C-alpha cells in the first residue's frame, strides 16, 4: 500500500512550498491537497510542483459543481504538464449546504451530475473530442483541447454511497475516501467499487483511504482534539452515513490515534481491508504531527 500525507496549505505560497519540500524529502509517495475555501488546489499544485520534485501530488478533492468539466480538464492537463505527469486528479461532489448557499446553484440529482460530468471530462483528458448532451451537463461537440503531449492524469472520484461507488468503478481509476473506518471499507466500499470496475472491464480500482492520524502518548487528549477539530464531518450527511455504518459516534472514533505500533497496525488493517493507498491527515501538537510524519516516512520506505 502506498503511503501519502495530507499537505497543510495554510500560510503563504512559500510556506506551503517549503512544507511540501520537507514532506517530500521523507519518502512518502503522494502529497494530497483539498479544495475548500483557501488556495485553489490545482493552481497550488502547479506552483509548488514546479519546485518540489520526486513526489506525486493529488487533489482530495476538487468539487465538480463549481467548474464545468471543460474547464477542469484544461486546468488538470495544465497542471499535469507543469509538474511532469505527477498529478492524481481527485474530484467529488460538494455538500448540499455549500452548493446551495455558497455556489448558489441547485443540489439536483448529484450522482447523475457526476456521471454526466465524467462523460465530458474523461474524453477531454484523453485528448479526444467530446459531444455530450445530458440532462444536467452539456458540452456541444468540442475539442480536443489544444494541449498536446500531456498524459491524462489518473482520476479518482470521491464515493461513499452505492451509486457513487458504481460510477467511480465504471468511469474512473478508483475512489478516494474520508471518514471511512476499516469495517465499512471492507464490507461496503471495496466490494461495491470492485464489482463495478470488474464488470466494466476496468480491473481492480484504486482505493485511496484518507483519515486523521495522530501519533501520540496521550490518546485521550488526541481523541478529544479529533472530536473538536473534525466535528463538522459528523454533521454532513454523506460522512454521517459512513460513521453510522461503522457504528462510530463521530470522527474521533475513526481517527487513527496511538503510539507508532498502534497506528502502524491500524494502517496495516486498512491494507488488509482493501485499501491500495493511504493518506494521513496529521493533527495534534507540533510534536505529535512530527511523530506522525516520521512514522509515515518509515512506513513508506518499508514498501
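Rule-based calculations on the coordinates, nothing more; no lab input. Values in this document were obtained by computation on a predicted structure and should not be read as measured data. No Cβ is skipped: glycine too gets one built from the backbone with ideal geometry, and neighbour counts run over all protein chains shown.
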Discussion item. Give me the one-decimal nm value for the distance between modelled label points at residue 51 and residue 298, 7 Å along each residue's Cα-to-Cβ direction.
Written reply: 3.2
Worksheet item: How much of the DSSP beta bridge set in the range 1-156 is antiparallel, as a percent to the nearest 5?
Response: 20
Fill in: Gyration tensor verdict on the range 227-290 (Cα atoms; rounded if a/c is under 1.5, prolate if a/b is larger than b/c, oblate otherwise)
oblate
Practice prompt. Would you work out if the range 158-303 is rounded, prolate or oblate? Take a ≥ b ≥ c from the square roots of the eigenvalues of the alpha-carbon gyration tensor; rounded if a/c is under 1.5, else prolate when a/b is larger than b/c, oblate otherwise.
Written response: oblate
Response to the item:
Calculated from DSSP helices alone, with each H run of at least 4 adding -39500 (n - 2.57) and the total divided by the residues of the chain, [θ]222 nm to the nearest 500 comes to -12500 deg cm²/dmol
Worksheet item: Angle between the Cα long axis of helix 69-82 and the longest principal axis of the chain, 0 to 90 degrees, nearest 10?
Response: 60
Worksheet item: Going 7 Å from the Cα of residue 218 toward and past its Cβ, which residues in the range 271-303 have a backbone nitrogen under 13 Å from where you end up?
Response: 284-289
Item to complete: Multiply the residue separation of residue 204 and residue 133 by 0.36 nm, subtract the distance between their alpha-carbon atoms, and state the gained length in nm to one decimal.
Response: 22.6 nm
Response to the item:
Tilt, helix 260-273 to longest principal axis of the chain (alpha-carbon atoms), in degrees rounded to tens, equals 40
Response to the item:
Nearest 10, in degrees from 0 to 90: the angle of helix 110-125 to the longest Cα principal axis of the chain is 70
Item to complete: Please figure out what share of the DSSP beta bridges in the chain is antiparallel and state it in percent, rounded to the nearest 5.
Response: 10
Worksheet entry | Two-site label geometry, residue 18 and residue 231: point separation in nm, points 7 Å out along Cα→Cβ | 3.2
Worksheet entry | Values of log10 I(q)/I(0), in the order q = 0.10, 0.14, 0.15 Å⁻¹, for the chain under a Debye, Cα-only, solvent-free model | -0.53, -1.08, -1.25
Worksheet item: So what is the orientation-averaged projected area of the range 1-156, using the convex hull of its C-alpha atoms, in nm²?
Response: 9.5
